[in-house]
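Beneath this line is the structure, given in structure tokens, with notes to follow.
The values are calculated or read from the model by the stated rules, or taken from the named source; none is laboratory data. Because the structure is predicted, anything quoted here is derived from the model rather than measured. Cβ placement follows ideal geometry from the backbone for every residue including glycine, while neighbour counts extend to all protein chains displayed. Heads up: the accessible areas ignore ligands, DNA and RNA and are worked out on the full protein's heavy atoms, side chains in. Shrake-Rupley method; radii C 1.70, N 1.55, O 1.52, S 1.80 Å.
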Amino acid sequence: MTCGNCGAAATQGPDGSWTCSNQCGWSSTVPATAITPEITTTRCRGCDAQVYGLDGRYACGLCSWSNHWDEGHRPLPAADNTFADRDVNILD
């Protein structure tokens, strides 16, 4: 692998991260493993239709019923604060 900053060779550490051999300060960490949601199914509590959802969170397209978010099988992911420092409602 090569450095993403200066193009020099990069060495891999025991944790899987990469560091520039040229000492330019570049490093790359191994991305976290993404949790794949599970497709689940249940009966709609409003109209008894079969509904599908992700991780136990459902919404019925026939009668607009949806279960509460905390009824899911896993906790919801944390909010991403990527745009916390700027106003995202302004068109550039």
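Please report, largest first and rounded to whole Å, the three semi-axes of the ellipsoid equivalent to region 10-62, where each semi-axis is the square root of five times an eigenvalue of the C-alpha gyration tensor.
Details: eigenvalues 479, 17, 5 Å².
Its equivalent ellipsoid spans semi-axes of 49, 9, 5 Å.
What is the distance, in nm, between label points placed 7 Å from the Cα along the Cα-to-Cβ direction at GLN50 and at CYS24?
Label-label distance for GLN50 and CYS24, simple model: 5.6 nm.
Can you give me the accessible area per residue for region 4-77, using a 1.4 Å probe, in Å²?
Values: 5390 Å² over 74 residues.
Per-residue accessible area for region 4-77 comes out at 73 Å².
Between ALA8 and residues 5 or more places away or on another chain, which pairs have amide H atoms under 5 Å apart, with H built 1.01 Å from N, and which residues are they?
Distant-sequence amide H within range of ALA8: CYS3.
Once phi is turned into θ = phi - 60°, what whole-Hz ³J(HN,Hα) does the Karplus curve with 6.51, -1.76 and 1.60 give for every residue of region 13-25, x standing for Gly and Pro?
x, x, 8, x, 7, 10, 9, 5, 6, 8, 6, 7, x
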